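The block underneath contains the structure these notes are about, expressed in structure tokens.
Nothing in this text is a laboratory measurement; each read-out follows from the coordinates by a stated rule. The model shown is predicted, which means the values in this text are computed figures rather than measured ones. Please note: Cβ atoms are built from the backbone with ideal geometry, for glycine as well, and neighbour counts cover all protein chains shown.
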């Protein structure tokens, strides 16, 4: 029995160490993932924070949705004037004072939509950028497509920018504004589900769709 106990004890200790190590790794992985999601989800709120702070004279840069040193200084300045904890971070108290929402789902949707607009339609006239966002939202509402913005954008082969990697570019302030306008209900396409550039389109199928309107270099169709 003593020999058995001596054999079992190292095995038990080894199992405990492995379990502890696994638990630590899980905490580290999920903790990191949570932080990444939080930063990504709140990026559009940062854009709105910058826009409002600029309007009120706290921030002199151009709204971008990216936190830089100038943004943090502006936030601290605002927090100091309003008697808030001067952290340079957009906590709930600061967000409430500025009048922005930290709703992560809405923020994520705005961010994803702005990314796709920027990737697919940068260089187009502004109404053309809004139109691309409207097509994405029209697909979300259609039973023939995924019912989320993420699902529509990342549906296989749905968008050239996803296939060639341009979706990974960070959206600029114009793309954010176009995304916001589309989310607010502006649809220059009148319900279209497709768009294409006639100068580069190689699919005969897309030409068979009913064309509704041409905006910039894109034809929008149903």
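Legend: calculated FRET efficiency, residue 157 to residue 66, from the Cβ-Cβ distance at R0 = 30 Å, rounded to 0.05, equals 0.50.
Each peptide in 177-185, 109-117 receives the mean, over its residues, of other Cβ atoms within 10 Å, and ordering these scores from highest gives 109-117, 177-185. When Rg and Dmax are taken over the Cα atoms of the stretch 104-221, they come to 12.9, 40 Å. Packing here is the average count of other Cβ atoms within 10 Å per residue, and on that basis the peptides 214-220, 160-166, 199-205, highest first, run 214-220, 160-166, 199-205.
Each of 71, 108, 189 was scored by other Cβ atoms within 10 Å of its Cβ. Listed from fewest to most, they are 108, 71, 189.
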